[in-house]
Amino acid sequence: MRQTDYNGMAKFIGEYTVKIDDKGRLVFPSAFKNVMSDGEEMKFVIKKDIFADCLEMYTYAEWEKQSEDVKSRLNFFNRKHALFWREYMRDRAVVEPDSKIGRISIPKKLLEAIGVNKEVVFAGSDFKIEIWAREKYSETVISGEEFIALAETLPENR
């Protein structure tokens, strides 16, 4: 069964550890390929996360949606907004898994920015995939009490 939302967009769930090959390529997890809608383009945009030491990977359609939302909040005749947009668009990569085994090449600069050595974790996060250096991902786990405390700060939505 494919995991998609009401708009047919893929919902990525699960964690997969992948080794980097000698040419710096990674195999995109088949579980994530399988949640893509039939006919949905296997093209992704990767960028550095603003708040965490990981990369974010979006389907191209989701990236268009996200970037249009950000762009709609900006006035490009405002210098600060123009500077923000330039920085927001910096260091992005478009990747497409190859048709054989699903290898992708992420620019070395982006992998170095998050401290990747030999293995990464692809972590499904609903509408996006986070890519972590394996060692750093294990450091992000919070305690059950911390999680409950965060949950209690969420607004009620009725």
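The values are calculated or read from the model by the stated rules, or taken from the named source; none is laboratory data. Keep in mind that what you see is a predicted model, and the values were worked out from it rather than measured. Here Cβ is always computed from backbone atoms with ideal geometry, including for glycine, and neighbour counts include all displayed protein chains.
Give the stretch 18-49 a look and list any residue that's surrounded by fewer than 14 Cβ atoms within 10 Å (Cβ to Cβ) and within 15 Å of Gly115 (Cα to Cα), or say none.
Matches in the stretch 18-49: Lys19, Gly24.
Regarding Gly144, is this residue surrounded by 16 or more Cβ atoms within 10 Å (Cβ to Cβ) and more than 18 Å from Lys48 (Cα to Cα)? Step through it out loud before you land on a result.
Numbers: surrounded by 16 or more Cβ atoms within 10 Å (Cβ to Cβ): no; more than 18 Å from Lys48 (Cα to Cα): yes.
No.
Do you know which residues across the stretch 50-75 are touching a helix residue (DSSP H, G or I) at 6+ places or on another chain (Cβ under 7 Å) and either of a type in the set (Val, Ile, Thr) or surrounded by fewer than 10 Cβ atoms within 10 Å (Cβ to Cβ) (or both)?
Within the stretch 50-75, Val70, Asn75 qualify.
Given the residues Gly8, Gly14, which is the only one that is at pLDDT 90 or above and either over 25 Å from Lys109 (Cα atoms) or more than 15 Å from the chain's Cα centre (by Cα) (or both)? Walk me through it before giving the result.
Working: Gly8 fails: at pLDDT 90 or above.
Residue meeting the stated conditions: Gly14.
Can you go through Glu64, Glu119, Glu68, Glu40 and tell me which one is farther than 28 Å from Glu139 by Cβ and touching a Ser or Thr at 6+ places or on another chain (Cβ under 8 Å)?
On the way: Glu64 fails: touching a Ser or Thr at 6+ places or on another chain (Cβ under 8 Å); Glu119 fails: farther than 28 Å from Glu139 by Cβ; Glu68 fails: touching a Ser or Thr at 6+ places or on another chain (Cβ under 8 Å).
Selected residue: Glu40, the only one of Glu64, Glu119, Glu68, Glu40 that is farther than 28 Å from Glu139 by Cβ and touching a Ser or Thr at 6+ places or on another chain (Cβ under 8 Å).
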